[in-house]
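The values are calculated or read from the model by the stated rules, or taken from the named source; none is laboratory data. Here the structure is a predicted model, which means the values were calculated and not measured. Cβ sites come from the backbone with ideal geometry, for glycine too, and all protein chains shown count toward neighbours. These accessible areas exclude ligands, DNA and RNA; they are computed on the full protein's heavy atoms, side chains included. Shrake-Rupley method; radii C 1.70, N 1.55, O 1.52, S 1.80 Å.
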Amino acid sequence: AGAPADDQASALAADFPNDPKSIDSGRRLYKQACYKCHGENGVSGGTVPDLRKYTGTHYEMIGVVQAGRVDKGMPAWNDFLTIDEIKKIIVYVKSLPPAE
């Protein structure tokens, strides 16, 4: 058996497949649900956070997307996106080049 970090990495990869097809699917979902506020490729200005700078885990990001950040103007998406769709969006966002 691998080290615990290896086990965590493989569990993460199983939960959040980051193959090109999943990333592309996430990109298309992002364009439908997230683009208007977060901008192209997660780069946004003004008061909306740059998603490339998000430091939480994949799982924490699911919670944010599902519940929203109503105090900051982000709606909850749990009634509009399935957990699988949210995971694909996260894989896409995590695949973006880091912020400078």
Would a scan of the stretch 37-45 turn up a residue that is touching a residue at least 12 places away in the same chain (Cβ under 8 Å), assigned to a helix (DSSP H, G or I) and farther than 17 Å from L96 by Cα? no
Failed item, numbered, when K72 is tested on (1) open to solvent by 80 Å² or more (accessible area, probe 1.4 Å); (2) charged (D, E, K, R); (3) in contact with a helix residue (DSSP H, G or I) (Cβ under 6 Å, 6 or more places away or on another chain): (3)
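In this structure, does A13 turn out to be under 21 Å from P98 (Cβ atoms) and of a type in the set (G, A, S)? Can you show your working first?
Values: under 21 Å from P98 (Cβ atoms): yes; of a type in the set (G, A, S): yes.
It is true that A13 is under 21 Å from P98 (Cβ atoms) and of a type in the set (G, A, S).
Going by what's in this entry, would T55 be described as of a type in the set (V, I, T) and modelled with pLDDT under 95?
Details: of a type in the set (V, I, T): yes; modelled with pLDDT under 95: yes.
Yes; evaluated as a whole, the condition is true for this residue.
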Report yes if Q8 is in a helix (DSSP H, G or I), open to solvent by 30 Å² or more (accessible area, probe 1.4 Å) and without any contact (Cβ under 8 Å) to a residue 12 or more places away in the chain, otherwise no. yes
Restrict the check to the stretch 80-92 and report whether at least one residue is touching a helix residue (DSSP H, G or I) at 6+ places or on another chain (Cβ under 6 Å), open to solvent by 40 Å² or more (accessible area, probe 1.4 Å) and within 18 Å of R28 (Cα to Cα). yes
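Search the stretch 52-69 for residues being of a type in the set (V, I, T) and within 10 Å of the chain's Cα centre (by Cα), and hand back the single one that is surrounded by the fewest Cβ atoms within 10 Å (Cβ to Cβ).
Filtering the stretch 52-69 for residues of a type in the set (V, I, T) gives 55, 57, 62, 64-65.
Restricting the remaining residues to those that are within 10 Å of the chain's Cα centre (by Cα) gives 57, 62, 64-65.
Numbers: T57: 12, I62: 19, V64: 16, V65: 25.
Once the filter is applied, the top-ranked residue is T57.
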Can you confirm whether the stretch 14-28 contains a residue that is hydroxyl-bearing (S, T, Y), open to solvent by less than 60 Å² (accessible area, probe 1.4 Å) and touching a residue at least 60 places away in the same chain (Cβ under 8 Å)? yes
